[in-house]
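These notes are about the structure you will find just below.
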Amino acid sequence: MSTYTPDVHAERVGHLGLITLNRPKALNALSLAMVRELNHVLQQWQDDAQVRAVVVRGSNKEGPFGAFCAGGDIRYFHQAAMSGDVTLEDFFTEEYSLNHLIQNYPKPYIALMDGIVMGGGMGISQGAALRVVTERTKMAMPETHIGLFPDVGGGYFLGRCSGPTCPEHMGEYLALTGHVLRGGESLHVGLADVCMDSSTLPALWDGLCQQDWASGEAVVAWWRAQSKTATEQALAQTPAWQNAPIANVFGLATVAEMEQALQGTDEWSVQTLKALHHQSPLMLCVTLEQIRRGRHMTLAEDLRMERDLVRHCFQTDHLSRRGLSSETVEGIRALAVDKDHAPKWQPAHIADVTPAMVQPFFESPWPASAHPLRHLS
């Protein structure tokens, strides 16, 4: 029986803790109740000697798998910001605490990232001991599209993208454009560990439950063995972006310089510039600073920084903007509420963003002793 919500199914089977996200109509977008349930269950299991590993999956309208987690519940963000609902503050504090718990979990935590994995879905999977993708995986951090930034530890894990064919500054590219990595592409940038054929997942899940596991490490080794062939095939494929000048463009000092560097007529430059012009100019500049700071931070430091940032996203007092007039509320309105896909960004152009607009986002509204994430280490 769930303590907080029926949208998270958690059960112990043998020596395994099994979690299914079960909010398929919303692509398993995380509500505050779901975050609380996940925190509660994982804290219980970390102290239970009978649980040797945890495995998490999503569900779609037809049943298990097919969708992992589309992120946080942005409609709730909008409603809470408009009504002054104080639980919005709790959501981010508790979600980021969950991300930290998963990253530092004392037992193997395995994330089966079949289908859509975005935003908050990345937050509950990037800290896993084993990150499993399939040919159906669509992975992205598209927050700048709604006037936000890639949170849930994005500064930490995007800033550290690495892999066999990963260009330098791939993290900046993914964070600023919201580019979607499909299937095994995420292996090439270090955002997944193994790839599997999605059709095998139901039988493997059943097989997992029928074995008596001596250790959590044995569960990880079993998944790696099952995925060996598909992983090798995915790594042998050339990512679409391999020959793009990502390092040359996204290694530049400012977003304005990147915009200038993308004035070419080749397909990649045209599409990349188009992507940047869809996003909030202000939050593009905030995000670039976030990724570059996060690259040199511990996860706890990064999450505290992101908690400061997200408070400023909804209460941008230094720009005399709150609620309806904030970039985040306006971005969500345009995408998910009115669905006109025509956000009125302030400022409207990248060239009009100044350092004086960006730097206050990185000033904490709390003293260190009162920070809501001061307990993270």
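The values are calculated or read from the model by the stated rules, or taken from the named source; none is laboratory data. Just so it is clear, the model here is predicted, and its values are computed rather than measured. Neighbour counts run over all protein chains shown; Cβ positions are idealised from the backbone, glycine included.
Summary of computed values
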{"read-out": "Test: residue in the stretch 294-308 that is basic (K, R) and under 20 Å from A334 (Cβ atoms)", "value": "no"}
{"read-out": "Output for the stretch 178-212, where each listed residue is in a loop (DSSP other than H, G, I, E, B) and either modelled with pLDDT of 95 or more or of a type in the set (G, A, S) (or both)", "value": "G178, H179, V180, G190, L191, A192, D193, D197"}
{"read-out": "Candidate set: the stretch 248-268, residues that are closer than 14 Å to M170 by Cα and in contact (Cβ under 8 Å) with a residue 12 or more places away in the chain; chosen: the one surrounded by the fewest Cβ atoms within 10 Å (Cβ to Cβ)", "value": "N248"}
{"read-out": "Residue in the stretch 232-243 that is more than 30 Å from S199 (Cα to Cα), surrounded by fewer than 19 Cβ atoms within 10 Å (Cβ to Cβ) and at pLDDT below 95 present", "value": "yes"}
{"read-out": "Out of E257, E217, E232, sole residue that is assigned to a helix (DSSP H, G or I), under 30 Å from L276 (Cα atoms) and either charged (D, E, K, R) or touching a helix residue (DSSP H, G or I) at 6+ places or on another chain (Cβ under 8 Å) (or both)", "value": "E257"}
{"read-out": "Residue ID - farthest from the chain's Cα centre (by Cα), chosen from residues in the stretch 154-169 that are closer than 23 Å to V310 by Cα and among the hydrophobic types (A, V, I, L, M, F, W, C)", "value": "C161"}
{"read-out": "Residue list for the stretch 310-329, restricted to those being among the charged types (D, E, K, R) and surrounded by fewer than 22 Cβ atoms within 10 Å (Cβ to Cβ)", "value": "R311, D317, R321, R322"}
{"read-out": "Test: residue in the stretch 296-309 that is loosely packed, with under 15 Cβ neighbours inside 10 Å and under 30 Å from N243 (Cα atoms)", "value": "yes"}
{"read-out": "Subset of the stretch 262-295 that is of a type in the set (D, E, K, R) and either modelled with pLDDT under 95 or in a helix (DSSP H, G or I) (or both) - its residue that is nearest to A240 (Cα to Cα)", "value": "E267"}
{"read-out": "Scan of the stretch 338-365 for residues that are at pLDDT 95 or above, farther than 16 Å from T254 by Cβ and among the aliphatic types (A, V, I, L, M), ordered by number", "value": "A348"}
{"read-out": "Single residue of L187, L176, L191, L181 found to be crowded, with 22+ Cβ neighbours inside 10 Å, within 24 Å of A244 (Cα to Cα), without any contact (Cβ under 8 Å) to a residue 60 or more places away in the chain and within 15 Å of the chain's Cα centre (by Cα)", "value": "L181"}
{"read-out": "Tally of residues being under 12 Å from L38 (Cα atoms) and either without any contact (Cβ under 8 Å) to a residue 40 or more places away in the chain or not β-branched (V, I, T) (or both) across the stretch 12-21", "value": "4"}
{"read-out": "Residue among S198, S125 that is closer than 30 Å to D308 by Cβ and of a type in the set (S, T, Y)", "value": "S125"}
{"read-out": "Cβ pairs under 8 Å, 6+ apart, first in the stretch 365-377 and at negative phi, second of a type in the set (G, A, S)", "value": "H371/S364; L373/S97; L373/A300; R374/A368; H375/S97; L376/S97; L376/A300; S377/A300"}
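A quick yes/no check of all residues on (1) touching a helix residue (DSSP H, G or I) at 6+ places or on another chain (Cβ under 7 Å); (2) in a loop (DSSP other than H, G, I, E, B):
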{"residue": "S2", "(1), (2)": "yes, yes"}
{"residue": "T5", "(1), (2)": "yes, yes"}
{"residue": "A10", "(1), (2)": "yes, no"}
{"residue": "T20", "(1), (2)": "no, no"}
{"residue": "K25", "(1), (2)": "no, no"}
{"residue": "N28", "(1), (2)": "no, yes"}
{"residue": "E37", "(1), (2)": "no, no"}
{"residue": "Q44", "(1), (2)": "no, no"}
{"residue": "Q50", "(1), (2)": "no, yes"}
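Residue-by-condition table, conditions (1) more than 13 Å from the chain's Cα centre (by Cα); (2) aliphatic (A, V, I, L, M); (3) at pLDDT below 95; (4) surrounded by 18 or more Cβ atoms within 10 Å (Cβ to Cβ):
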position	(1), (2), (3), (4)
M82	yes, yes, yes, no
V86	yes, yes, yes, no
D90	yes, no, no, no
L98	no, yes, no, yes
N104	yes, no, no, no
P108	yes, no, no, yes
M113	no, yes, no, yes
I116	no, yes, no, yes
G120	no, no, no, yes
